[in-house]
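One structure is given here, and the rest of the page talks about it.
The values are calculated or read from the model by the stated rules, or taken from the named source; none is laboratory data. All values reported here derive from a predicted model rather than from experimental measurement. Backbone-built Cβ (ideal geometry, glycine too); neighbour counts: all protein chains shown. We work out accessible area using only protein heavy atoms, side chains counted, and drop any ligands, DNA or RNA first. Shrake-Rupley method; radii C 1.70, N 1.55, O 1.52, S 1.80 Å.
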Amino acid sequence: MAVEELHSIIKRCQILEEQDFKEEDFGLFQLAGQRCIDEGHIDQLLEIIQNEKNKVIIKNMGWNLVGPVVRCLLWNDKEHDKRKYYFLILDLLVKLCNPKELLLGLLELIEEPSGKQISEIILLLLRPLQTVIQKLRNNKAYSVGLALSTLWSQLSLLPVPYSKEQIRADDYGLCQCCKALIEFTKPFVEDVIDNKENSMENEKLKDEILKFCFRSLKCPLLTAQFLEQSDDTGDDPLRCFASEIIGFLSAIGHPFLKMIFNHGRKKKTWDYLEFEEEEDKQLSDSMASLAYLVFVQGISIDQLPMVLSPSYLLQFNMGHIEVLLQRTEESVFSKGLDLLENGLLRIEDNSLLHQYLEIKSFLTVPQGLVKVMTLCPTETLRKKGLAMLQLYINKLDPQGKYTLFRCLLNTSNHSGVEAFIIQNIKNQIDMSLKRTYNKWFTGPQLISLLDLVLFLPEGAETDLLQNSDRIMASLNLLRYLVIKDNENDNQTGLWTELEKIENNFLKPLHTGLNMSKAHYEAEIKNSQGREEIPNMPPEMQLKVLHSALFTFDLIESVLARVEELIEIKTKSTSEENKG
């Protein structure tokens, strides 16, 4: 019945001119064709499409059958006996139909599915889509851009595989799609290369490919994890995708070096400024991803000029590192840590000039490391953040170290981080006293720094438990200074500032300890008297309270030792001066 219906509609349309086809004819043709597919009359439908007499009808109306055919290919079992006919019909429709109508129809089909069906339909339709676009005579760049944008939007919905096992399994088909997408894009890249005239249409096509490359660098490549370099990297589909994308950039006249080093400058030396201003945030992520791929993964690294100094490379990567560290996804900010490590390991210790700290990113990056160290839930990444901050400190010259210490003491707001900085200050003072004189960690400059260390933020009211790491580090530094620097030498300037240190630090600390110990001892009595802290078992309450008292005893012990040393030293100096 459906076949007869379709024959009847075709017979009526065969006597009409192309421009006389009515909207009603299109609707009837689609319904009858759909019914033929639903009822399994695929071979008869194939004959109708192949019939030369129906060429004009199929050209104008056939695209309406693409959707039903594609859905049959997706839904039916791969062993289905009619499957080869569906493929034949699809190929014929692509060959015979109006490419403009077909393009829009295929893109609508690509936008329909969700979940695992996204990759299935993309893999099915990429080749037909490529063929249709290549048949278009006008607005080819627009069509390429529309197709790439639609494909990327769908791919960005797929989860990015992280582990080696997930990459191998490729459950959602992202890796397969990335590989197929490269093959889809290659002919259009070749069109750009082959067009020597640099026509307006060619420039537009170049622009669309550039946008696609930027989008791909952000998703999936920004969050993608890559197999270890020791593994067979040729088997890593995401790495291969990254390599091809970077290759496309070079092929269309935008080599990575020019883009990485000029992004963020006030005066650009590459084109497409409208694109950059329009989507600056996306571009920042894309450029950071590109920098990681080149410098850490080593993709196209051989194109890097050997004359570039390590500090020059670090300077231009610092902005990209800042972007990566600002992200909250571990898969992204871990790349910031890797890119920073890559840059710092090229630089000699104590050689990174303090002037670099005048560049915003050279101060925001260590602040980003502090966030990783204090907020990241993964221990290995917290430790990596700490190691990178120490490596960064090691590379700075003395004035740079001094500047960074002041910055972090003022901004970190974390007792453990401040204790870490204070330990570094102690190490710098020790080197200055034992090896090479350093004006930044002796005398007036040091005293200015110690003002940030040897004090209590809220005086005697300071929460000593919350600040215990910082207080212990400060006391240990003070003890070290008292032992190593004699009052007569006064290399550090400590002895001239002793009264201020006692008033701003030691005396308030005494008072704070007495208040805190009294408070916690009262809490222990209350706890034993069954006045319980809400939501905490009694035995845990006691453990916490006793732990606090132990911390206060420890601070008190070190404080007493520091005061004892000060008394011994001042007494000894007084006797020497008398003698």
Estimated inter-spin distance, E564 and T131, nm [label 7 Å along Cα→Cβ]: 9.1 nm
Pull up all non-local amide H partners of L352: gap of 5 or more, or a different chain, and H-to-H distance under 5 Å with H placed in the peptide plane. L396, D397
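Could you compute the net charge surrounding L304? Neighbours are other residues with a C-beta less than 15 Å from the C-beta of L304; K and R count +1, D and E count -1. Don't skip to the end; give the middle numbers.
Values: positive: K258, R346; negative: D302.
My count for the surroundings of L304 gives +1.
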Leaving out ligands and nucleic acids, note down the accessible area per residue over the chain with a 1.4 angstrom probe, in whole Å². 50 Å²
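Which trypsin sites (Lys or Arg not before Pro) in region 412-443 pass both tests, a DSSP loop state and at most 11 other beta-carbon atoms within 10 Å?
Listed in order of number, the matching sites are R435.
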Proximal lysines to K186, defined as alpha-carbon separation beneath 25 angstrom and excluding residues fewer than eight positions away on the same chain: K95, K100, K135, K140, K196, K204, K206, K211, K218, K258
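Kindly state, to the nearest 0.05, the FRET efficiency for K179 paired with I359, given R0 = 35 Å and r defined as their beta-carbon distance.
Numbers: r = 40 Å, r/R0 = 1.13.
Calculated value: 0.30.
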Relative contact order (percent, whole number), region 389-461, Cα cutoff 8 Å, 6+ residue spacing: 30 percent
Where the accessible area of the chain is counted over protein heavy atoms with a 1.4 Å probe, how much of it, in %, is carbon and sulfur? 49 percent
Answer in debye to the nearest 20: the dipole magnitude of the chain about its Cα centre, from +1 Lys/Arg and -1 Asp/Glu charges placed on Cβ, is 1020 debye
Distance in nm between pseudo-label sites at S331 and D463 (7 Å out along the Cβ direction from Cα): 3.6 nm
Selection from C177, C219, I193 lying farthest towards where the dipole of region 162-233 points positive, charges on Cβ: C219
Theoretical gain in end-to-end length, E52 to S572 [0.36 nm per residue, Cα-Cα removed]: 175.8 nm
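Considering only the other residues whose Cβ falls under 10 Å of the Cβ of K517, what net charge follows from Lys and Arg at +1 and Asp and Glu at -1? Don't jump to the answer; show the numbers that get you there.
Details: positive: none; negative: E521, D553, E556.
Charge balance in the 10 Å sphere: -3.
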Under Karplus coefficients 6.51, -1.76 and 1.60, residue-wise ³J(HN,Hα) of region 208-215 in Hz, glycine/proline x: 5, 5, 4, 4, 4, 4, 4, 4
If I model a spin label at N139 and S547 as a point 7 Å from the Cα along the Cα→Cβ vector, what separation in nanometres do I get? 6.7 nm
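Quick one: net charge of Q428's neighbours, Cβ under 15 Å, K/R +1, D/E -1? Working shown, then result.
Details: positive: K395, K401, R406, K426, K434, R435, K439, K484; negative: D349, D397, D430, D485.
For residues surrounding Q428, the net value is +4.
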Gap in Å between the Cα centre of region 388-450 and the Cα centre of region 165-198? 50 Å
For region 391-402, Karplus-derived ³J(HN,Hα) couplings (6.51, -1.76, 1.60; θ = phi - 60°; whole Hz; x for glycine and proline) come out as 4, 4, 4, 4, 7, 5, 6, x, 5, x, 4, 4
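Trypsin sites (Lys or Arg not before Pro), restricted to region 134-185: which are DSSP loop and have at most 15 other Cβ atoms within 10 Å? Please list the in-between numbers first.
Details: sites: K135, R137, K140, K164, R168, K179; in loops: R137.
Listed in order of number, the matching sites are R137.
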Potential extension, K517-R382 segment - 0.36 nm per residue separation minus Cα distance: 45.3 nm
Length-normalised contact order of the chain in % [C-alpha pairs under 8 Å, at least 6 apart]: 7 percent
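From the helices alone, meaning DSSP H stretches of at least four residues, give me the mean residue ellipticity at 222 nm for the chain, per-run term -39500 (n - 2.57), in deg cm²/dmol to the nearest 500.
Numbers: 27 runs with 397 residues, N = 579.
After summing the helix terms and dividing by the residues of the chain, the value is -22500 deg cm²/dmol.
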Distance from region 46-101 to region 288-348 (C-alpha centre basis), Å: 50 Å
Please go through region 71-159 and write out the GluC sites (Glu not before Pro) that DSSP classes as loop and that have at most 12 other C-beta atoms within 10 Å. E79
Residue among H519, L93, L74 farthest towards the positive dipole end of the chain, charges placed on Cβ: H519
